[in-house]
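Novice: Following this message is one structure expressed as structure tokens.
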Amino acid sequence: MARPVDANAAETRRAILRAAVATFGEVGFDGATVRNIADVAGISFATVHHYFGTKEALYDACLDASFAELDEMGADVTRAVLEAPAGEGIRAGIRAAYGSARAHPDRSRFLLRSFLFERRPRVRERHDAAQRALVTSSAALLGDDAAFGRRVPLVALGVLLTRFAVSAETERALFAEETGDADEAVVAYLVAVAEATLHVPTREVS
């Protein structure tokens, strides 16, 4: 399919990234082809090549875009924690993070698959840097457990939260059979896990 004559370059780039994030999230780097991604985006193979060159460069651009969105989400989560009433910070943070992950399932699926399965050095470096940034940004909100620090529970909770956020509707229906509301059940469980593993300093109430 030829690129429209009046196509906006920035929008074309965004459309390619959206299609690539969705495709890489579904089938991984090895399973995706640039031609598949072009078909999903509704543009030509040549257009994708013009904007991004190789599949590796396109994947890296997807990481850049997804981590930039994740940084914005992290700021929203931090704000939710700080603005929550005393004793409600963890619940507010979990609800904000889970809500964002649910609202952007393609991004969530892409980052989860990338974190768990991609082993190329460039990809691992990006995930490692994101972990370090997460641990650093959480220092003002969380205490440091002598046995396992902050990184282990934060990473584990992030994987668990994202896994639930990308659950298939059939699986969510099973959650709802017991509780009536799949999202509320997941949030309640994640809060319980977070409260058991994250050490949040008690705020003094003035």
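Novice: List pairs: first residue in region 155-177 and outside any helix (DSSP H, G or I), second residue surrounded by 13 or more Cβ atoms within 10 Å (Cβ to Cβ) anywhere in the structure, Cβ distance under 7 angstrom, at least six positions apart or on different chains.
Specialist: Val166/Pro105; Val166/Ser108; Val166/Arg109; Val166/Leu112
Novice: Another one. Of the residues that make up region 180-192, is at least one assigned to a loop (DSSP other than H, G, I, E, B), modelled with pLDDT of 90 or more and closer than 25 Å to Val21 by Cα?
Specialist: No, region 180-192 contains no residue that is assigned to a loop (DSSP other than H, G, I, E, B), modelled with pLDDT of 90 or more and closer than 25 Å to Val21 by Cα.
Novice: Select from region 118-137 the residues that are under 18 Å from Ala57 (Cα atoms) and more than 12 Å from the chain's Cα centre (by Cα) and list them in ascending order.
Specialist: If the condition is that a residue be under 18 Å from Ala57 (Cα atoms) and more than 12 Å from the chain's Cα centre (by Cα), then Glu118, Arg119, Arg120, Pro121, Arg122, Val123, Arg124, Glu125, Arg126 are the ones that fit.
Novice: Being of a type in the set (Lys, Arg) and not assigned by TED's automatic domain parsing to the domain that holds Ala165 narrows it down to one of Arg79, Arg18, so name that one. Can you show your working first?
Specialist: Values: Arg79 fails: not assigned by TED's automatic domain parsing to the domain that holds Ala165.
After ruling out the rest, the residue left standing is Arg18.
Novice: Then there's this: Within region 58-71, which residues are more than 12 Å from Leu134 (Cα to Cα) and out of contact with any Lys or Arg (no Cβ under 7 Å at 6 or more places or on another chain)?
Specialist: First pass over region 58-71, keeping only residues more than 12 Å from Leu134 (Cα to Cα): 58-66, 68-69.
If the condition is that a residue be more than 12 Å from Leu134 (Cα to Cα) and out of contact with any Lys or Arg (no Cβ under 7 Å at 6 or more places or on another chain), then Leu58, Tyr59, Ala61, Cys62, Asp64, Ala65, Ala68 are the ones that fit.
Novice: Here's something else I'd like to know. Test each condition in (1) within 21 Å of Val155 (Cα to Cα); (2) surrounded by 15 or more Cβ atoms within 10 Å (Cβ to Cβ) for Asp64 and report the one that comes out false.
Specialist: Of the numbered conditions (1) within 21 Å of Val155 (Cα to Cα); (2) surrounded by 15 or more Cβ atoms within 10 Å (Cβ to Cβ), the odd one out for Asp64 is (2).
The values are calculated or read from the model by the stated rules, or taken from the named source; none is laboratory data. Just so it is clear, the structure is predicted and the values come from calculations on it, not from any experiment. Using ideal geometry, Cβ is built from the backbone for each residue, glycine included, and neighbour counts are taken over all protein chains shown.
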